[in-house]
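Notes follow the structure.
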Amino acid sequence: MKTSSLFYCNPRFLVLGAGNGGRAMATYLAEKGYPVDLFNRSKEKLIEIKEQGGIWARGILQGFFDLQRISDDLEELVPYADIILVVVPASAHAELAHKLAPIVNPGQLIILNPGRTFGALEFRHIFDKAGVSEELIVCETQTLLFTARTLVGNGVEVLRIKDKVNISTWPENKIFSAYYRISHIFPQFRPVSNFLATTLNNIGCIFHPATTLLNSASIDRGQDLFFYQEGITPNTAEILKRVETEMITVGAYLGVRITPVIEWVKQTYGIRSSTLYDAIHQVKAYRSISAPKGLKTRYLVEDVPTGLVPISSVAKTIGIETPTIDAIIHLAGILSGKDFWRVGRTVEKLGLKTLILERSRRFLRTQVESQNLNELEEMLDEEE
């Protein structure tokens, strides 16, 4: 099926995922007047949405929003979509990519919101093996556009729509043609031509795994706990800071600037702060977010294999040590009963070794050339 001639002015959307992010995304698009279909892998989350024909929202978005088609059958929905928004835990990306590969068409655009680390590349890797046309563009955003929580039945509470979210594509040269299609719909998205600059700036893997581990006793007991407000103490924030520092070091060796949490909070929420602890605690939208009720949470089973593992894998490829990140991966695996090193996204699995080494060498050459130029300028100044 070919893409509609109305693609640019009135695209048809398919949202994959009926959790907090998927419901918020479907509501956001429906509020703007776009036709929206909704898919979820399990029927249970769709029952009341399907019975009522849409989603009730409160918070930033309020009211009842009609949806077009609601189904757990991808083959029923994909042919109608111009833009497919994948709003599911990143640990489900590979499964969805395999299911989508036989039924997508070249004119469609896929956006992973978010991609976590290497999400778009993993999608494209699977698509290439399946012979999917390169005309189909896969994008990923650096973080979820919304701060939201699922309400009982067919409800969602949208606490905040982020001010700025970076977006990139794989291959990288597709970003501006993709951005042209969606900039009027998502003015919050900022195009980034360097894929690594988006995919390595994975804010969730700074916040979620360490905070979950450090509050694991309370979570294991099912204790009521506000995840950010109570779970992140000044001492907990120091561990998060170590994770951030290791990520900044890895990025630096690839010529990529990892945005510090303090700066990210300012860009995303317009909040100025002096420490990582203060930055997180000043975000009003975070104050009512509850901790998970068990340790089989996406904060571990998603953020570790699709965030910390690929970052650690990149670090090992270029000879950088990440002791804090590695310790969190190890402990999270014990608590989750999973070998995250085996199931996670790695440089080897995705065939990234050549790219990572080339980018690192390019950056180091630039540094050497810059140093030589400075030394030459100093020598010429002395001669004058």
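Applying a threshold of 7 Å to beta carbon distances and a minimum spacing of six or more residues, or different chains, the list of pairs starting in the range 158-171 at a residue that is closer than 11 Å to Leu144 by Cα and free of Cβ contacts under 8 Å to residues at least 40 places away in the same chain and ending at one that is buried (at least 19 other Cβ atoms within 10 Å of the Cβ) and among the hydrophobic types (A, V, I, L, M, F, W, C) reads Asn166/Val192. Checked across the range 227-249, the condition of being within 24 Å of Val88 (Cα to Cα), aliphatic (A, V, I, L, M) and without any contact (Cβ under 8 Å) to a residue 60 or more places away in the chain holds for no residue.
Every listed requirement among (1) in contact with a Gly (Cβ under 7 Å, 6 or more places away or on another chain); (2) closer than 20 Å to Lys164 by Cα is met by Lys284 save one, (1). Cβ-Cβ distances below 6 Å connect the following pairs, each with a first residue in the range 40-52 that is at pLDDT below 95, a second residue that is hydrophobic (A, V, I, L, M, F, W, C) and surrounded by 14 or more Cβ atoms within 10 Å (Cβ to Cβ), and a separation of six or more residues or different chains: Lys45/Ala18. Scanning the range 12-62 for residues that are surrounded by 22 or more Cβ atoms within 10 Å (Cβ to Cβ) and of a type in the set (Phe, Trp, Tyr) yields Phe13, Tyr28, Phe39.
Among helices (runs of 4 or more DSSP H) entirely within the range 41-132, having at least 2 residues that are of a type outside the set (Val, Ile, Thr), in the same structural domain as Tyr179 (by TED's automatic domain parsing) and over 21 Å from Glu157 (Cα atoms) singles out 74-77, 93-100, 119-130.
Quick check on Phe123: is it over 21 Å from Ala81 (Cα atoms), buried (at least 20 other Cβ atoms within 10 Å of the Cβ), under 19 Å from the mean Cα position of the chain (by Cα) and of a type in the set (Phe, Trp, Tyr)? It is false that Phe123 is over 21 Å from Ala81 (Cα atoms), buried (at least 20 other Cβ atoms within 10 Å of the Cβ), under 19 Å from the mean Cα position of the chain (by Cα) and of a type in the set (Phe, Trp, Tyr). Residues in the range 144-156 that are surrounded by fewer than 21 Cβ atoms within 10 Å (Cβ to Cβ) and not small (Gly, Ala, Ser): Leu144, Arg149, Thr150, Leu151, Val152. Taking the residues in the range 277-321 that are in contact with a strand residue (DSSP E or B) (Cβ under 9 Å, 6 or more places away or on another chain) and of a type in the set (S, T, N, Q) as candidates, determine which candidate is modelled with the highest pLDDT. That would be Ser290. Taking residues in the range 53-72 that are free of Cβ contacts under 8 Å to residues at least 12 places away in the same chain, and partners anywhere that are exposed (fewer than 14 other Cβ atoms within 10 Å of the Cβ) and part of a strand (DSSP E or B), not one pair has Cβ atoms closer than 9 Å while being at least 6 places apart or on different chains. Is it the case that Val88 is crowded, with 23+ Cβ neighbours inside 10 Å, in contact (Cβ under 8 Å) with a residue 24 or more places away in the chain and over 30 Å from Ile206 (Cβ atoms)? Answer is no for this residue.
Contact map, the range 190-214: residues that are part of a helix (DSSP H, G or I) paired with residues that are charged (D, E, K, R), Cβ distance under 6 Å, separation 6+ or inter-chain. Pairs shown: Phe195/Glu172; Gly204/Asp303; Cys205/Asp303; Ile206/Glu244; His208/Asp303; Pro209/Asp303. Annotation: of all residues in the range 342-372 being among the small types (Gly, Ala, Ser) and in a loop (DSSP other than H, G, I, E, B), the one that is modelled with the highest pLDDT is Gly344. Filter the range 234-283 down to the residues that are in a loop (DSSP other than H, G, I, E, B) and closer than 23 Å to Val304 by Cα and list them by number. Residues satisfying the conditions are Tyr253, Leu254, Val256, Arg257, Ile258, Thr259, Pro260.
Matching residues to (1) more than 19 Å from the chain's Cα centre (by Cα); (2) surrounded by 18 or more Cβ atoms within 10 Å (Cβ to Cβ); (3) closer than 18 Å to Asp326 by Cβ; (4) among the basic types (Lys, Arg):
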{"residue": "Leu196", "(1), (2), (3), (4)": "no, yes, no, no"}
{"residue": "Asp220", "(1), (2), (3), (4)": "yes, no, no, no"}
{"residue": "Gly231", "(1), (2), (3), (4)": "yes, yes, no, no"}
{"residue": "Val243", "(1), (2), (3), (4)": "no, yes, yes, no"}
{"residue": "Tyr253", "(1), (2), (3), (4)": "yes, yes, yes, no"}
{"residue": "Arg257", "(1), (2), (3), (4)": "no, no, no, yes"}
{"residue": "Pro260", "(1), (2), (3), (4)": "no, no, no, no"}
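Here is a yes/no grid of residues against (1) surrounded by fewer than 20 Cβ atoms within 10 Å (Cβ to Cβ); (2) touching a residue at least 24 places away in the same chain (Cβ under 8 Å); (3) assigned by TED's automatic domain parsing to the domain that holds Phe226:
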site	(1), (2), (3)
Arg272	yes, no, yes
Leu295	yes, yes, yes
Val304	no, yes, yes
Ile318	yes, yes, yes
Ile329	no, yes, yes
Lys338	yes, yes, yes
Arg342	yes, no, yes
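So which residues in the range 249-266 are hydroxyl-bearing (Ser, Thr, Tyr) and either farther than 19 Å from Leu144 by Cβ or not assigned by TED's automatic domain parsing to the domain that holds His208 (or both), if there are any at all? Across the range 249-266, the qualifying residues are Thr249, Tyr253. When the criteria are applied in full, Ser168 meets the requirement of being at pLDDT 95 or above, over 19 Å from Leu29 (Cβ atoms) and among the hydroxyl-bearing types (Ser, Thr, Tyr).
Note on the range 293-310: residues that are touching a Lys or Arg at 6+ places or on another chain (Cβ under 8 Å) and under 18 Å from Ile232 (Cβ atoms) total 2.
The values are calculated or read from the model by the stated rules, or taken from the named source; none is laboratory data. Computed from a prediction, not measured in an experiment: that's the story for all the values here. Note that we place each Cβ from the backbone using ideal geometry, even for glycine, and neighbour counts take in every protein chain shown.
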